[in-house]
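Trainee: Handing you a structure now.
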Amino acid sequence: MNILFIEDDRMNRRVVGDMLDVAGATMVEAESAERGLEILDEQDFEMVLVDLRMPGMDGITAIRHIRARSDAKGMVPIIVVTADVAPDLRQRCLSAGADDVIFKPVAMDSLFDAIGRILAREAQGDGLIG
């Protein structure tokens, strides 16, 4: 599985990358939303992980850009990875087009559970969660 992780914090990218490596997944890192969108133009991914709070473009805006695409990349599953705990956060993310939300610090079981939920829905042909 090839996953794009859009996250401005290098340590967070490293921790999640190590977790995905254990599962045999390949992770491509983007240090900003703008760079993540460029990488998505250049490569194919089975999933995108995106932080919400980044300098420049935030994660919600990046999700909306991805969902606005008219090609297959516009349907890529997206998991928000955030430290934000606002009461309406999950609904805001889903409304923007995210498929799931997990919280920092990222635990391996929460990451893999979110990935598993999305893969199970795709296997059943249910499409996007949000």
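Trainee: Between Ala72 and Arg14, what length in nm is gained on full extension when 0.36 nm per residue of separation is reduced by their alpha carbon distance? Could the numbers behind the result be given before it?
Mentor: Working: separation 58, 0.36 × 58 = 20.88 nm, distance 2.79 nm.
Full extension from Ala72 to Arg14 adds 18.1 nm.
Trainee: Right, next: Rank the residues Leu52, Leu94 as a footprinting-exposure proxy: fewest other Cβ atoms within 10 Å of their Cβ go first. Before the final figure, lay out the partial values.
Mentor: Numbers: Leu52 24, Leu94 17.
Ascending number of Cβ neighbours within 10 Å: Leu94, Leu52.
Trainee: While we're looking at this one, here's another question. Name the residue farthest towards the positive end of the dipole of the chain from the options Ala23, Ala114, Ile3, assuming +1 on Cβ of Lys and Arg, -1 on Cβ of Asp and Glu, about the Cα centre.
Mentor: Toward the positive end, the furthest listed residue is Ala114.
Trainee: Now, a different point. All other residues with a Cβ under 12 Å from the Cβ of Ala25 taken together, and with Lys, Arg as +1 and Asp, Glu as -1, what is their net charge? Mind dumping the intermediate values first?
Mentor: Values: positive: none; negative: Asp18, Asp21, Glu46.
With Lys, Arg at +1 and Asp, Glu at -1, the neighbours total -3.
Trainee: Using the beta-carbon distance between Ala23 and Gln124 and R0 = 22 Å, what value does 1/(1 + (r/R0)^6) give for FRET efficiency, to the nearest 0.05?
Mentor: Values: r = 21 Å, r/R0 = 0.96.
Using R0 = 22 Å, I get an efficiency of 0.55.
Trainee: Is the C-alpha gyration tensor of the range 18-81 telling us rounded, prolate or oblate? Criteria: a/c under 1.5 is rounded; beyond that, a/b larger than b/c is prolate, otherwise oblate. Spell out each step's value before the answer.
Mentor: Working: a/c = 1.77, a/b = 1.23, b/c = 1.43.
Oblate.
Trainee: What is the Cα radius of gyration of the chain over 2.2 N^0.38 Å, N being its residue count?
Mentor: Numbers: Rg = 13.2 Å, N = 130, 2.2 N^0.38 = 14.0 Å.
Against the compact-globule rule of thumb, the ratio is 0.94.
Trainee: Among Ile63, Ser32, Leu94, whose Cα projects farthest towards the positive end of the dipole of the chain, with charges put on the beta-carbon of Lys, Arg (+1) and Asp, Glu (-1)?
Mentor: Of the candidates, Leu94 comes out farthest on the positive side.
Trainee: Starting from the 7 Å offset along Cα-to-Cβ, what nm value, one decimal, do you get for the label separation of Asp113 and Met1?
Mentor: 1.5 nm
Trainee: If Lys and Arg each add +1 and Asp and Glu each add -1, what is the summed charge of the other residues whose beta carbon sits under 9 Å from the beta carbon of Asn2?
Mentor: Values: positive: none; negative: Asp44, Glu46.
Computed value for this residue: -2.
Trainee: Amide H to amide H under 5 Å from Thr26: which residues, 5+ apart in sequence or cross-chain, H placed 1.01 Å off N in plane?
Mentor: Under 5 Å from the amide H of Thr26: Asn2, Ile3.
Trainee: Related question: To the nearest 20 debye, what is the magnitude of the charge dipole of the range 2-124 about its Cα centre, counting +1 on the Cβ of each Lys and Arg and -1 on the Cβ of each Asp and Glu?
Mentor: Working: 14 positive and 23 negative charges, 73 e Å.
Charge dipole of the range 2-124: 340 debye, to the nearest 20.
Trainee: Using the Karplus equation 6.51 cos²θ - 1.76 cosθ + 1.60 (θ = phi - 60°), what ³J(HN,Hα) coupling, rounded to whole Hz, does each residue of the range 82-91 give in order, writing x for Gly and Pro?
Mentor: Computed from phi, the couplings for the range 82-91 are 9, 9, 5, 10, 4, x, 9, 4, 4, 5 Hz.
Trainee: Here is a further query. Over the chain, what is the relative contact order in whole percent, taking alpha-carbon pairs under 8 Å and six or more residues apart?
Mentor: Working: 208 pairs, mean separation 26.0, N = 130.
20 percent.
Every number in this text was worked out from the coordinates using simple rules, so none of it is lab data. None of these values were measured; they are calculated from a predicted model. Cβ atoms come from the backbone with ideal geometry, glycine included; neighbour counts cover every protein chain shown.
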